[in-house]
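The next block holds one structure in the form of structure tokens; read it before the comments.
The values are calculated or read from the model by the stated rules, or taken from the named source; none is laboratory data. Only a predicted model underlies this, so the values are computations on that prediction, with no experimental measurement involved. Please note: Cβ atoms are built from the backbone with ideal geometry, for glycine as well, and neighbour counts cover all protein chains shown. With ligands, DNA and RNA removed, areas are computed over all heavy atoms of the protein, side chains included. Shrake-Rupley method; radii C 1.70, N 1.55, O 1.52, S 1.80 Å.
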Protein chains: 2
Amino acid sequence: MQISSRFSIGVHILSLLAVNSGAHLTSEWIAGSVGTNPVVIRRVTGQLKKAGLVEVRAGSGGATLARGLESITLLDVYRAVDAVEEGKLFHMHEQPNPNCEVGANIEHVLRLLMLKAQDAMEGVLGAVTMRELVDVLAVEIKRSAVK
Amino acid sequence: MQISSRFSIGVHILSLLAVNSGAHLTSEWIAGSVGTNPVVIRRVTGQLKKAGLVEVRAGSGGATLARGLESITLLDVYRAVDAVEEGKLFHMHEQPNPNCEVGANIEHVLRLLMLKAQDAMEGVLGAVTMRELVDVLAVEIKRSAVK
DNA sequence: TCATGTTGTAACTATAATGGTTACAACGAA
DNA sequence: TTCGTTGTAACCATTATAGTTACAACATGA
């Protein structure tokens, strides 16, 4: 199975807030850029808010970054939107037979490896800040604007 | 979401074939160790067979390793059971607005990172052979037998 | 004060993957 | 030819996702 698109949506939202900082960005407007429903945006925005990444104005509407892009890694976004539960990227079969030598011991051995693999994946996300991503994005935007 | 337990089941099956080599291991018997239904085992075994990792005797029954444990990495198992489609660990939202600067360019930028993260995860699996896993497993088995 | 537009959230839906289960034809060996 | 096994189809319950409608709570500006 796949990791929820909430992650890519979250990154998209933060990028919009960064690039269009100052503008009045409503869930409706963001949904237009992401290509989905405003409620989906509000749900993800709510998670980003709970994680302290954005601030949302109820009533008047609109969201803004709550922290500098430098201080937000992609792992922060990934965690904020609950993309994958901690240590549970892999689903292990649940009732290995404790009376079988292999069944009784494989869980422990395999679990270690799964955690290591998950850590490696998350490590890549943790090594990149939203600042870096937005900078690369800005270059891409310029390049595509020239064409 | 989580990566299918087919992966851990596949590793479990190969471990059984290695530890009990020579024995007549039917899907029924294996299912007893894994803690699931024989049909589930046959499904996974079928995938391992298709990948050339095991041989299965139709009719008389039983499965055996088709290759040396040294030549099978956990990544081979992961691929054999279709744990995650190539390059698709992350699900990216699918209709970013091409008329929006961010929407038009984020997919490309984010996709690169996702691939890098997935590669890191799979790299860990590729760096471990079934031989190594079974050796560690054997140590665990001994240790738990002593207690 | 009140009208307007927005957020937060509940509720419902369709879709898809998973893993368990029954059933049975095809097969191989004793 | 009998028996136990595999390979597969078919079905089911469960779960997560993502889209949608609906509406109360809220903030702001007229």
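Some points to look at:
- In the stretch B:87-96, of all residues being more than 14 Å from A:M121 (Cβ to Cβ) and within 14 Å of DNA strand C (Cβ to nearest atom), the one that is farthest from the other protein chains (Cβ to nearest Cβ) corresponds to B:E94.
- Candidates are the residues of the stretch A:109-137 that are of a type in the set (G, A, S) and within 9 Å of chain B (Cβ to nearest Cβ); the one that is surrounded by the fewest Cβ atoms within 10 Å (Cβ to Cβ) is A:G123.
- Any chance B:G32 is within 15 Å of DNA strand C (Cβ to nearest atom) and in contact with a Cys (Cβ under 9 Å, 6 or more places away or on another chain): yes
- Unique match (being closer than 28 Å to B:D82 by Cβ and either near DNA strand D (Cβ under 9 Å from one of its atoms) or in contact (Cβ under 8 Å) with a residue 60 or more places away in the chain (or both)) among A:L89, A:L74, A:L69, A:L14: A:L74
Quick grid of which residues meet (1) free of Cβ contacts under 8 Å to residues at least 40 places away in the same chain; (2) not hydroxyl-bearing (S, T, Y):
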| position | (1), (2) |
| --- | --- |
| B:S4 | no, no |
| B:I9 | no, yes |
| B:V19 | no, yes |
| B:A23 | yes, yes |
| B:V34 | yes, yes |
| B:I41 | yes, yes |
| B:Q47 | no, yes |
| B:S60 | yes, no |
| B:A80 | no, yes |
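- The number of residues in the stretch B:20-55 being open to solvent by 60 Å² or more (accessible area, probe 1.4 Å) and not in a loop (DSSP other than H, G, I, E, B) comes to 8.
- Test result for B:V81, buried (at least 22 other Cβ atoms within 10 Å of the Cβ), away from chain A (no Cβ under 14 Å) and among the β-branched types (V, I, T): no
- Against the test of being at the interface with chain B (Cβ under 10 Å from one of its Cβ atoms), within 26 Å of A:V128 (Cβ to Cβ) and more than 13 Å from DNA strand C (Cβ to nearest atom), the options A:L69, A:L75, A:L65 yield a single qualifying residue, A:L75.
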